[in-house]
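See below for the structure under consideration.
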Amino acid sequence: MTFPSVLPEPLSRSIFRKFVLMLCSLIMSLYVFYCLSDRCQSLPGPIIGAPEEEGVYEDSPLALWQSVKRKRLLQKMRDHQGAQWSRLFPSIGVPYPAQEGGSTLTPLGEGSKKLPQAIIIGVKKGGTRALLEFLRVHPDIRAVGAEPHFFDRNYDMGLDWYRDLMPRTLDGQITMEKTPSYFVTKEAPARISAMSKDAKLIVVVRDPVTRVISDYTQTLSKRPDIPTFESLTFKNRTRGLIDISWSAIQIGIYAKHLENWLQYFPMRQILFVSGERLITDPAGELGRVQDFLVLKRIITDKHFYFNKTKGFPCLKKAEGSSKPHCLGKTKGRTHPNIDPEVVQRLREFYRPFNMKFYQMTGHDFGWDS
């Protein structure tokens, strides 16, 4: 038996070095894309520093569309890197960075963008931002952080545009968004019903007198030259006539707006969250919300602590972070001193509307006690 005089040469060092360099480069690229992806950019900043409920996010059609294009580009880059990794190591899965609002990792290539099954529709200065940030802790809730304003300002952009704004979800996960101005937008109920008659709606309500003062305080922080609260409140101060043309007053007439929604959605599809209880008992209110969404009660007392300085509850551990997550300086502003007589007149104005709202919802929120 004869043997070949020349044995095959072992893999040369140069080829081996090139392979190692290519592998290191690929791993580094995956790490860089992970850091540049939505997993880093979409983490909710401290409810300390969380955006205003209105006007802080860039929610113009152009800004939102640019954000979608950026996400698509990042997705293509991640897909390309994932394909390379899979060819080299087919038995190893590639982690897919979670996008906005999720607390679980979605494997590369899995999940899809869906229209929201639940929407926080209102109300402005009621506590919608806090509720959304608390809900994002739940692994089965995926929420877009910015307010899309689709059903009030951007409806002409179409449902495909709206869907593109949503994070990817797996089966069993709920897609959510929040835009507080929907509750007072006349066209919103019909538009949401046309999208999905089964959509679940969440409304965070608050004492309308406290709410209107908070609304004014927010506007005052941006426009110090606005008229006084008293001059905006009254059409005729001497006669005590409330100026219902002021949008801040109109928002608090909850019963009027609810009548519009009940033309398109049954009461069983609408949940009313108390803005006051969201502060005093966040776990209790979040329990009700999780039940309403037919989700396991994962968010409990253990997730919260009360910040005495801020006067608001904070998350002990925010989604995607090991740090506490508290309401920031844009929340809990000190209200200006309002003449007690003006406050009393507002309470008298809202009382009949509150009574009707209590009857419609079957719940006494205690604003008149």
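The values are calculated or read from the model by the stated rules, or taken from the named source; none is laboratory data. Keep in mind the model is a prediction, meaning the values are calculated, not measured. Neighbour counts run over all protein chains shown; Cβ positions are idealised from the backbone, glycine included. Remember, those area values only see protein heavy atoms, side chains included, never the ligands or the DNA or RNA. Shrake-Rupley method; radii C 1.70, N 1.55, O 1.52, S 1.80 Å.
Less than 5 angstrom separates the built amide H of Phe304 from those of Lys316, all sequence-distant by 5 or more or on a different chain. In order along segment 185-201, phi translates into HN-Hα couplings of 8, 4, 7, 4, x, 5, 5, 5, 4, 5, 6, 7, 6, 9, 4, 9, 10 Hz, rounded to whole numbers, per the Karplus curve 6.51 cos²θ - 1.76 cosθ + 1.60 with θ = phi - 60° and x for Gly and Pro. Solvent-accessible surface of segment 174-227, averaged per residue with a 1.4 angstrom probe and all protein chains in place: 35 square angstrom.
Calculated on C-alpha atoms, the gyration radius of segment 186-265 divided by its Kirkwood radius gives an Rg/Rh of 1.08.
Here's how it looks for Met176: its modeled amide H is under 5 Å from those of Arg142, Ala143, Val144, which are all 5 or more places away or on a different chain. The simple spin-label model puts a point 7 Å past each Cα toward its Cβ; for Ser14 and Ser369 those points are separated by 8.5 nm. Proximity of backbone amide H atoms, modeled 1.01 Å from N, is registered between Val273 and Val203, Val204, Val205 at under 5 Å, excluding neighbours fewer than 5 places apart on the same chain. Solvent-accessible area per residue in segment 238-319 equals 51 Å², computed with a 1.4 angstrom probe and all protein chains kept.
Could you tell me what percent of the accessible area of segment 165-280 is made up of carbon and sulfur, with a 1.4 Å probe and every protein chain present? It is 50 percent, rounded to a whole number.
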